[in-house]
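Here is the structure we will look at, set down as structure tokens.
The values are calculated or read from the model by the stated rules, or taken from the named source; none is laboratory data. Keep in mind that what you see is a predicted model, and the values were worked out from it rather than measured. Positions of Cβ are generated from backbone atoms using ideal geometry, with glycine treated the same way; all protein chains shown enter the neighbour counts. Note: areas computed on protein heavy atoms with side chains; ligands, DNA, RNA excluded. Shrake-Rupley method; radii C 1.70, N 1.55, O 1.52, S 1.80 Å.
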Amino acid sequence: ADIISTVEFNHTGELLATGDKGGRVVIFQREPESKNEPYNQGEYNVYSTFQSHEPEFDYLKSLEIEEKINKIKWLPQQNAAHSLLSTNDKTIKLWKITERDKRPEGYNLKDEEGKLKDLSTVTSLQVPVLKPMDLMVEVTPRRIFANGHTYHVNSISVNSDCETYMSADDLRINLWHLAITDRSFNIVDIKPANMEDLTEVITASEFHPHHCNLFVYSSSKGSLRLCDMRASALCDKHSKLYEEPEDPSNRSFFSEIISSVSDVKFSHSGRYMLTRDYLTVKVWDLNMETKPVETYQVHDYLRSKLCSLYENDCIFDKFECAWNGSDSVIMTGAYNNFFRMFDRNTKRDVTLEASRESSKPRAILKPRRVCVGGKRRKDDISVDSLDFTKKILHTAWHPTENIIAIAATNNLYIFQDKVN
């Protein structure tokens, strides 16, 4: 139940939320910098924990709906309170997180426990006063958006207009207003009239960071469709289709499975899109549909291992990807608790490991290398000794600083740039 299933920084990076398979959301808050220990800034400590979803049973379909949190998205902060959306396979909830550090005391008609006083004993009028108390973080469900999806919700995305958000499942994308729970608008529907004709499903979707009318969704066939909501109410006809023609010489039994896009993210600038499929991450320019402008191999050494990865179901793992704050570096996870970073300017890449052994506080991560046959260097790891049960599917990057959050099964690692 405590396996982490999603990680998300808020818009300032002061808060970090994780969701897990048991339906819990844990929020971490960054500690303010202290005068005597300036290097101690950046410690994230638990701020609040709450149960977001419970397991349910759909009696009409005889289906168990598990409580696992699929995605968390923060809303831009409007006032002192914070708000986030969390979703499991079916139900999206809007949560409000507030702080209380004062409490009223000295009521006329109630005693300290909150019971009503005997009115005959009330002889004088007093004004209640606010007294300081220990900080309490209160989390309350503000809205529950249910019954919008027949299939499993795989992504939610808040629009830049801060009023609407969308949720996507395998075949449909719905547009919701944050204030209205009882109806949503279906903006994409790729369900064929006859389900036997089904050739692809929606795997991820996201709103453009600046243009509230644009969104993108990715498919299990490896294509991206950019849609414009100004064109028509139902965006089944995309404005742009981004697809890379397949090299016939690389065609194999697994081609279709490994070309499925597991995640798509707009860059902060809104100019590029980042996609992750099983073996690569690709950067697409919004103005070029024919092929990606950059392709990076995440773990090319697994190409010869696809058969055994198919047998143990690892080939269906859905890895996420992330941009750094300036869109110059991209990050994604791999097996053996490795994660990969690619510098788009220098074209350098690095493999790092999130493990308890190598992650002493203030320790510097050593780059790791995987060797394929032939000569091995001292610290190299052979492909055959990689642990496929340890996988980093979920990662997040602080919106402005070089701080990253890595979810490795039930551990959350937070790494930051070495501060001199």
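Mind ranking 84-94, 208-218, 107-117 by how tightly packed they are, going by the mean number of other C-beta atoms within 10 angstrom, highest first?
Working: 84-94: 22.8, 208-218: 19.9, 107-117: 9.8.
Packing order, densest peptide first, comes out as 84-94, 208-218, 107-117.
Considering only protein heavy atoms and a probe of 1.4 Å, how much of the accessible area of the range 164-230 is carbon and sulfur, as a whole percent? Please list the in-between numbers first.
Working: 1390 of 2790 Å².
C and S fraction of accessible area: 50 percent.
What Cys residues in the chain are without a partner cysteine, judged by a Cβ distance under 4.7 Å?
When partners are defined as cysteine Cβ atoms under 4.7 Å apart, the chain leaves Cys162, Cys212, Cys307, Cys314, Cys321, Cys371 without one.
For Cα pairs less than 8 Å apart in space and 6+ apart in sequence, what is the mean separation divided by the residue count of the chain, i.e. the relative contact order in percent? Before the final figure, lay out each step's value.
Working: 970 pairs, mean separation 40.7, N = 420.
Once normalised by length, the contact order is 10 percent.
Compute the length gained on full extension between Cys162 and Phe316: take 0.36 nm times their separation in residues and subtract their Cα-Cα distance, giving the result in nm to one decimal.
Numbers: separation 154, 0.36 × 154 = 55.44 nm, distance 3.36 nm.
Gain on stretching Cys162 to Phe316: 52.1 nm.
Percent relative contact order of the range 124-181, based on C-alpha pairs within less than 8 angstrom and at least six residues apart? It would help to have the intermediate numbers written out before the result.
Numbers: 56 pairs, mean separation 14.6, N = 58.
It rounds to 25 percent for the range 124-181.
Report relative contact order for the range 331-420 in percent, whole number only (criteria: Cα-Cα under 8 Å, sequence separation at least 6). Walk me through the numbers on the way to the answer.
On the way: 143 pairs, mean separation 22.4, N = 90.
So the answer I get is 25 percent.
Using R₀ = 25 Å, calculate the FRET efficiency as 1/(1 + (r/R₀)^6) where r is the Cβ-Cβ separation of Thr389 and Asp2; round to 0.05. Mind dumping the intermediate values first?
Numbers: r = 16 Å, r/R0 = 0.62.
Efficiency for this residue pair is about 0.95.
Take the Cα of Ala179, step 7 Å along the line toward its Cβ, and report every residue of the range 78-97 whose backbone nitrogen sits under 20 Å from that point.
78-85, 93-97
Which value, in debye to the nearest 20, gives the size of the charge dipole of the range 190-347 about its Cα centre, when Lys and Arg are +1 and Asp and Glu are -1 at the Cβ?
Working: 18 positive and 23 negative charges, 78 e Å.
Dipole about the Cα centre, nearest 20: 380 debye.
Could you tell me which of the pairs Lys240/Lys391; Lys90/Lys221; Lys71/Lys360; Lys93/Lys131 are separated by over 31 angstrom between their Cα atoms in the structure shown? The partial results should precede the final answer.
Details: Lys240/Lys391 33 Å; Lys90/Lys221 24 Å; Lys71/Lys360 29 Å; Lys93/Lys131 33 Å.
Beyond 31 Å between Cα atoms: Lys240/Lys391; Lys93/Lys131.
Place a point 7 Å from the Cα of Ser326 along the Cα-to-Cβ direction; which residues of the range 262-303 have their backbone N under 16 Å from it?
Residues 268-269 qualify, since their backbone N sits under 16 Å from the label point.
Working out 0.36 nm times the residue gap between His211 and Thr150, then minus their Cα-Cα distance, what length gain in nm do you get to one decimal? Intermediate results must be reported in sequence, preceding the final value.
Values: separation 61, 0.36 × 61 = 21.96 nm, distance 2.86 nm.
Stretched fully, the His211-Thr150 segment lengthens by 19.1 nm.
What order, most packed first, do the peptides 53-63, 256-266 have when packing is the mean number of other Cβ atoms within 10 Å of each residue? Don't skip to the answer; put the middle values down first.
On the way: 53-63: 11.2, 256-266: 20.4.
The packing order, highest mean first, is 256-266, 53-63.
Taking the highest mean first, how do the peptides 314-327, 238-251 order by number of other beta carbon atoms within 10 angstrom per residue? Let's see the in-between values first.
Details: 314-327: 18.6, 238-251: 12.4.
Answer by packing, highest mean first, reads 314-327, 238-251.
Would you calculate the separation in nanometres between label points at Asp236 and Ala363, each defined as 7 Å from the Cα along the Cα-to-beta-carbon direction?
Here the modelled spin labels are 5.6 nm apart.
With a Förster radius of 41 Å, plug the Cβ-Cβ distance of Glu64 and Thr12 into 1/(1 + (r/R0)^6) and report the FRET value to the nearest 0.05. Mind dumping the intermediate values first?
Working: r = 38 Å, r/R0 = 0.92.
After rounding to 0.05, the efficiency reads 0.65.
Quick one: check the C-alpha center-to-center distance for the range 273-333 versus the range 59-105, whole angstrom.
Going from one Cα centre to the other spans 30 Å.
Once every DSSP H run of n ≥ 4 in the chain is given -39500 (n - 2.57) and the sum is divided by its residues, what mean residue ellipticity at 222 nm do you get, rounded to the nearest 500 deg cm²/dmol? Please list the in-between numbers first.
Working: 2 runs with 11 residues, N = 420.
Taking each H run of at least 4 residues, the total per residue is -500 deg cm²/dmol.
Quote to one decimal, in nm, the extra length available between Asn402 and Asp380 on full extension: 0.36 nm per residue of separation minus the C-alpha distance between them.
Details: separation 22, 0.36 × 22 = 7.92 nm, distance 2.67 nm.
Additional length available on full extension: 5.2 nm.
Which one is right for this structure if volume of the Cα convex hull per residue in Å³ is calculated from it: [x] 200; [y] 337; [z] 157?
Of the listed options [x] 200; [y] 337; [z] 157, [x] comes from this structure.
Is there a quick way to get the dipole size of the chain? I mean about its Cα centre, with the Cβ of Lys and Arg at +1 and of Asp and Glu at -1; what is the value in debye to the nearest 20?
Details: 54 positive and 62 negative charges, 184 e Å.
In total the dipole reaches around 880 debye.
May I ask you to derive the FRET efficiency for Asn345 and Lys110 from their Cβ-Cβ distance with R0 = 60 Å, giving the value to the nearest 0.05? The partial results should precede the final answer.
On the way: r = 64 Å, r/R0 = 1.07.
My answer for the efficiency is 0.40.
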